[in-house]
Structures are given as structure tokens and as C-alpha cells.
Amino acid sequence: QELGEHGGLVTCEYELPMIDGVRRYEARLTGLPDSTRVIAVVRDISERVAAAALLEKQWKMLSDSQRMAHIGSWELDLPSGPLVWSEEAYRIYGVSPESFTPSPEAFMRLIHPDDLPAVEQVHAEMIAGQKPRDLEFRIVRPDGTPRTLLGRGALLADGDGRTIRCAGTIQDVTERTLAENALREQEAFFRLLAENMGDMVAVLDLQGGHLYDSPAYRALFGERAALPGAEPFANIHPDDRERVRQAFQTTIATGRGQRGTFRVVLPDGSVHDIESQGGVIRNAEGRVDRVVVVSRDVSERIRMEDEIRQLNSDLEERVRQRTAELDAANKELQTFTYSVSHDLKAPLRGIDGYSRLLLEDHREQLDEEGRLFVDKVRHGVAHMGRLIEDLLAYSRLERRHLHGQTLDLSQQLDRVLHRRQAEILAQGMVVEVSLHGLSARADPEGLDMVLRNLLDNALKFSRDSQPPMLAISGSQTDRSVTLAISDNGIGFDMRFHERIFEIFQRLQRAEDYPGTGVGLAIVHKAVQRMGGRIWAKSQLGHGATFYLELPR
């Protein structure tokens, strides 16, 4: 139809089903001048079409492979022909075929300034026919993004051996370079740590061979462990060698470092105790590639521990002996206490009884001096009785078992004040209490003894004040309660603060202020046994304040 309208030559392709499959043909039709006849030339182009389809498929596979591997290709016709890039080359350089025309000059403008001399030199050497080589260099894409590339190139010749073009590949290795740089930084940091720390560091291969020994390691073991072909575990004590070898294999198999202590034999024959902790380094596939061992010489520590154990053993034996001695002393003290309670007090009761009968039955027969002597005897007996009772109370504090419990301090103080009500009224003492429901953990009987002695102390030394006054207040923290017991008595010199809590220590004459000198010693010991403490503040002539701290 087209020939009938226009005449001339028409080319077309068509397919025909054949026995061996579909065949493709190309027909060239030429119309003759009389317009009634056509000359047709037909040829089978099936193989050519199949080859073209295969070539297109292979080219697509090559393009896809380049994209996945981040490898581009290039080709330059010589001496000054065009530069051709693959699709992936455009992607690697961050440009598009529409906006960028490849040429040696345009390519050079993308190179990082610091790497440009090296690229130009390698390019010149390749064009001059020298042996090609790989070169790693940096580029800066038009958008400012830096990338690291690996370039490869070679000269290509025709059938007559004439150089007609050069071609090569370009690969984006930015990620690999960053990883290698990070690894080098890590290795440098590891080496910095290993060579400046007191512990010993060794890096071993999977057979136990030494790849790296820190200065601290070499200082102890010398260079023998790092010698090529050296037995990996030769410096381990023979009795510990197999155990260490098994721990090493377990570390490799599980990827978890083992911790342990073992002995080593140094070149001079001395045996040292080593404490070590293992770790692993994995390769890119995640498999264990190296073993890192951090060790320290603990020989001195173990020696000291052995000495401490021996000292503890000796101490335990001494404590056992001392306990036995104390038990014996306590038994003697109990015997003495029984003797004091019965044998010593019995004669006192006799003296007191006979002196009382003497005054009752024969008072008129005695003159004034005789009655004075009998009164002094009775007074001395009474004082001796009180002293014996105080001594017994003091000695019982060491032996009696304390029952710690939470006590209401206000109620505890009320009971003590009630028992001393008569003395308080007789002296006209003004008592002020402000405890606000405070409680403390103490032994009821022990705390009662402490409060009673402190109250008696205030009554005795403030008797001449007008009027005698006693103020009791309290405060608390998260862990303790503190009572302040203040009077307006005669006070004392703070130089003698520690002395007033010692047994038999008195600051005033017994004739002026009667007492046994045991009361505050009892208070101090009782508070100590209840886990508290006591102290005082005073000034001569201005009263005293006793502070009692107890756990909550």
C-alpha cells in the first residue's frame, strides 16, 4: 500500500511460525516504475535479533551488577576522544548524564584538592604505557558530599597492537574506608590503653600464639612468649596448664571470656600467681578471630591473704583463749558478787542492827559524844551499803542481757519522776518536760537506771538553787533521738568532763554532796551497752546539761 502511494523502497520485519519455532525475517520491497510489480528481498534475521536481545540482557545484568557492587566503568578513546561512563559511574560521582558531560578535565575538577596530584600522576603514567595500578582517592560531589573511591585502569590495543583507548573501573569504598579508619582508631586507642595501664594485656590467635604483648606483660615474662613457634602455654605452671588450655578453648567456642587464677613459671624459675580475664575479638562474619587476655600479678595479694588467714586463725585461737579466761574471770566475779551480796553485807546488817539497838536501849547511858560516834557508825554503814549496791549494779551491767525494744520516752520518764515525786516536792524543784511523744530503742531496765541516776544527780547538785529547776527536752533525726537534761545547779569545770564518767571519780567533797562516785559511771556504761552515747556541757555556777543519744 505504501509503495503504491509513494513508490521507492520500504523495509519491514515480521515473524513466521516454523517447525523449529518462530523465525524473524527482514523484507526489503522495491516498487517498479510501472507500479504494478514489486521486487522483494527477504532474509532470515532470527540469529541477529537473538544476539541483540542477549547483548541487551547481558548489558542490563552488567549494569545491575555495577549498581549493586557500587562499581562503575569508564572508557576513553585515544588520543583525545570522548570519555564514556556507565550508569553506575554517574551515580558514584553524584551527577546525571543530562547535566554532566564526562571529560578528563571535568573528571579532574571532581577530585579532592589534596588527592589531585596523585590522580594526575597515575593517569599520566597509564597513558604513557606504564604498568597500571590501583589508586584510592577522594572526590567531592557537586552537592558537597565527600566520597572515597578506588580506581583501576589499563590501556587497550587493537588487533595490530596499536593503543586505541584506555578503560577501567571505579568503586565507591567510602563505607569500607570509614570502617577501616574506625578500626585503626580503635586499635590505636586499644594500644594506648594497653601500653599505659598497670595490668598486662596480650592478644592471642586461635592457637594461643602471641600477636601482641603490652609493656607490662613483657616486663614480667620477657620476650619468650612472643617468639615465633614458641609453645603457647609453656610459661603456665605444669599443674595448671591443662586447666588454662581448656579455659582458652572454652572462650573460643562460646565467645565468652573466662576468669581465673593460675600460676606461671618465669624465666628465672620463680612462680607467680596470675589473675586473668579473657575476651574475644570477632571478624566481619561474627566469628571469634582473636582472644584478648588482661592479667595482673596477684602473688603479693595472695601472700598477704595467706598471712591474714594465718593471723585470723591465730586471732581466733587467742580470742578462744581470751574468752575462756573471761569466762573464768566472770565466774570469779560472780563468786565475788555473791560474797559481797551475802558475806559482806551480813556483817554490815549486824553493825547497823546493834548500833540501832544501842541507841534505842542505852541512849540515856551515852553522853553526847558517844551518841555522835554511834550516829557516825550508822551513817558509815549506810554509806557502805549504798556503795555495795552501786558496785553490784555496775558489775551486773556487764553480765545482764539487754532487751532492746521501742520505748515511749515520755512514759519512761513519767515513771522515774513519779518514784522521785517526794524528793522533788521536798526540794521545791520545778520540772519542765517537752518530749512530744519521742521514742527510742533501748532496754527498759537500763534506760530506767540511766534516767534515775541523772535525775538524782540533778536533785543533789541543784538543791541550793532558788528554786531548783530541771528541764528535759528531746529532738530526733532519721537514726537517733537525743535527750537534753538540764539543771541550774553548781555545774562543773569542762576540763573534768571525761573524769565525771569514771568510777569513783568525784569533783566535790562527800561531806558537801554525799554519794558513792559510781552513779555517772553506771549511766555511761548502760548507755554504751544500749548502743548510744552520753556527754555533758556545763559551766561552774551555771548548771549542767547532760545529752543522752539513743538509736531509734
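Descriptive notes on the structure:
- Those residues of region 264-282 which are at pLDDT 90 or above and among the charged types (D, E, K, R), in sequence order: Asp273, Glu275
- Selection over region 189-204 of residues that are in a loop (DSSP other than H, G, I, E, B) and either open to solvent by 40 Å² or more (accessible area, probe 1.4 Å) or modelled with pLDDT under 75 (or both) gives a count of 4.
- Conditions (1) closer than 20 Å to Pro142 by Cα; (2) within 54 Å of the chain's Cα centre (by Cα); (3) open to solvent by less than 50 Å² (accessible area, probe 1.4 Å); number of the one not met by Ala106: (2)
- Cβ-Cβ distances below 6 Å connect the following pairs, each with a first residue in region 424-435 that is closer than 20 Å to Gln411 by Cα, a second residue that is surrounded by fewer than 16 Cβ atoms within 10 Å (Cβ to Cβ), and a separation of six or more residues or different chains: Val430/Pro467.
- Matching entry among Asp297, Asp268, Asp273 (being closer than 18 Å to Ala234 by Cα, open to solvent by 90 Å² or more (accessible area, probe 1.4 Å) and not basic (Lys, Arg)): Asp268
- Applying the set (1) surrounded by 15 or more Cβ atoms within 10 Å (Cβ to Cβ); (2) modelled with pLDDT of 75 or more to Gly519 leaves exactly one unmet item: (2).
- Subset tally (residues that are modelled with pLDDT of 65 or more and either aliphatic (A, V, I, L, M) or under 21 Å from Ala124 (Cα atoms) (or both)) for region 54-71: 1
- Considering residues of region 167-188 that are assigned to a helix (DSSP H, G or I) and β-branched (Val, Ile, Thr) only, the residue farthest from the chain's Cα centre (by Cα): Thr174
- Listed conditions (1) open to solvent by less than 80 Å² (accessible area, probe 1.4 Å); (2) under 29 Å from the mean Cα position of the chain (by Cα) are all met by Ser313, apart from (2).
- Selection within region 473-484 - part of a strand (DSSP E or B), under 19 Å from Met530 (Cβ atoms) and open to solvent by 10 Å² or more (accessible area, probe 1.4 Å): Gly474, Ser475, Gln476, Ser480, Thr482, Ala484
- Exclusive hit being of a type in the set (S, T, N, Q), open to solvent by 60 Å² or more (accessible area, probe 1.4 Å) and either at pLDDT below 80 or more than 25 Å from Arg141 (Cα to Cα) (or both), set Ser46, Ser80: Ser80
The values are calculated or read from the model by the stated rules, or taken from the named source; none is laboratory data. None of these values were measured; they are calculated from a predicted model. As a convention, Cβ positions derive from the backbone with ideal geometry for all residues, glycine included, and neighbour counts pool all protein chains shown. Protein only, heavy atoms only, side chains kept; ligands, DNA and RNA dropped before computing areas. Shrake-Rupley method; radii C 1.70, N 1.55, O 1.52, S 1.80 Å.
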